[in-house]
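*Asks:* Structure in structure tokens, see below.
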Amino acid sequence: MNTIRIATRNSPLARYQAERVGSLLREKMGVQFELLGMTTQGDRQTDSTFAGKGAFVKELETALLEGRADIAVHSMKDVPIVLPDGLAVTTVGSRADVRDALIASDSTFDTLPEGARIGSSSLRRRMQLRFVRPDLTMMDMRGNVGTRLRKLDDGEVDALVLACAGLDRLGLAERISQRLAVDLSLPAPGQGALAVEYRADRSDVLERMAAIVDPLVEKTVLAERTLVRALGGDCATPLGAYAETRGSAMALTALLGDENGEHVLRVSEHGDDPMKLGERAAAALYAMGAEALLGQRQE
């Protein structure tokens, strides 16, 4: 396999991420790459519609299963916990800044005026920010990074909350007013990590991916995704999770709440086995009443 075909969404951020993975493979394994750009169901959704879990990956997965692509590159936070039969996923490369970013001209989170309109499509972000500032007005806002920034510049909202990782990768770090501490806005499981999805029967692909996997990133993301699996959550669940390595062990912080930020559960667990750590954090949330919050999402 002298050339790897990479399925990617057509957004500038997605193509950057795909090119980054291709460049890593070229540097480490000496192979070339070509991009197969695609428009996903998630790319077609608007502020008034939500395409559902897996919306940004389904078309790319079809390309893998049909043999039109060798790998697909995603933001790990967009990858569903349960994959289609025959597919597998791994993290690759280092993890970018996991924090959320506030974009608000000359304001910080604390100095946003009362009732400020905050653009975000993420229930997780909206839940956490309203928990601290119930006066804020949360506005559903979808589209790629450029589209959202234009809406902010046109005055449709007073501020945006996006992932630092995406802004950094696009060279837009100067737009960030404040990198929000994880104590204020716990990131999504897998946020900042790049994911490569591939057919599980492609041992040749797995061999090449192994050369660009960071074991520590793989370990921490596994803990976060195990938590989501144990809770039966998905990309739309108001759930934050962040695992950090501390010597030979890890610390996993997890947070679950309702959409309005009125009820929020937060736990921290420590351990060295990522799967057991994720399961233990989920059990701790259940012990605090997570079932009731998760039930609200399913009604």
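*Asks:* Out of the residues in region 232-247 that are modelled with pLDDT of 95 or more and more than 24 Å from Tyr16 (Cβ to Cβ), which is surrounded by the fewest Cβ atoms within 10 Å (Cβ to Cβ)?
*Replies:* Looking at the filtered set, the residue picked out is Glu244.
*Asks:* Now a separate question. Can you tell me which residue among Ser48, Ser23 is over 19 Å from Gly146 (Cβ atoms), among the polar types (S, T, N, Q) and modelled with pLDDT of 95 or more?
*Replies:* Ser23
*Asks:* Right, something else. Can you tell me which residue in region 248-299 is surrounded by the most Cβ atoms within 10 Å (Cβ to Cβ), limited to those that are farther than 17 Å from Glu218 by Cα and among the acidic types (Asp, Glu)?
*Replies:* Glu269
*Asks:* Kindly establish whether Ala7 is modelled with pLDDT of 95 or more, assigned to a loop (DSSP other than H, G, I, E, B), crowded, with 22+ Cβ neighbours inside 10 Å and more than 16 Å from the chain's Cα centre (by Cα).
*Replies:* no
*Asks:* Moving on to the next point. Those residues that are closer than 8 Å to Gly261 by Cβ and in contact with a Ser or Thr (Cβ under 7 Å, 6 or more places away or on another chain), I need them from region 120-141; list them, please.
*Replies:* Within region 120-141, Arg126, Gln128, Leu129 meet the criteria.
*Asks:* Restricting attention to region 143-167, report how many residues are surrounded by fewer than 19 Cβ atoms within 10 Å (Cβ to Cβ) and either in contact with an Asp or Glu (Cβ under 6 Å, 6 or more places away or on another chain) or among the small types (Gly, Ala, Ser) (or both).
*Replies:* Number satisfying all stated conditions: 3.
*Asks:* Please go through region 173-211 and give me each residue that is surrounded by fewer than 18 Cβ atoms within 10 Å (Cβ to Cβ), touching a helix residue (DSSP H, G or I) at 6+ places or on another chain (Cβ under 7 Å), of a type in the set (A, V, I, L, M) and in contact (Cβ under 8 Å) with a residue 12 or more places away in the chain, ordered by number.
*Replies:* Leu184, Ala211
*Asks:* Additional query: Just checking, how many residues over region 10-34 are farther than 22 Å from Leu167 by Cβ and surrounded by 17 or more Cβ atoms within 10 Å (Cβ to Cβ)?
*Replies:* Keep residues of region 10-34 that are farther than 22 Å from Leu167 by Cβ, which gives 25-34.
Add one more test, that the residue is surrounded by 17 or more Cβ atoms within 10 Å (Cβ to Cβ), and what stays is 25, 33.
Looking only at that region, the number is 2.
*Asks:* Further question on the same structure: Starting from region 102-120, take each residue that is within 20 Å of Ala163 (Cβ to Cβ) and list its partners that are part of a loop (DSSP other than H, G, I, E, B) and of a type in the set (Phe, Trp, Tyr), counting only C-beta distances under 8 angstrom and pairs at least six apart or across chains.
*Replies:* These pairs meet every condition: Leu102/Phe109.
*Asks:* Among the residues of region 90-111, write down those that are of a type in the set (Val, Ile, Thr) and surrounded by fewer than 19 Cβ atoms within 10 Å (Cβ to Cβ).
*Replies:* Hits for region 90-111 are Thr108, Thr111.
*Asks:* State which residue pairs qualify: first residue over 18 Å from Leu123 (Cβ atoms) and at pLDDT 85 or above and inside region 282-299, second residue acidic (Asp, Glu) and in a helix (DSSP H, G or I) in any location, beta carbons under 7 Å apart, and separation of 6 or more residues or different chains.
*Replies:* none
*Asks:* Tell me, which helices (runs of 4 or more DSSP H) lie completely within region 215-299 with 2 or more residues that are of a type in the set (S, T, N, Q)?
*Replies:* 215-231, 290-298
The values are calculated or read from the model by the stated rules, or taken from the named source; none is laboratory data. Worth saying up front: this structure is predicted, and the values here are computed from it rather than measured. Ideal geometry is used to build each Cβ from the backbone, glycine not excepted, and the neighbour counts take in all protein chains shown.
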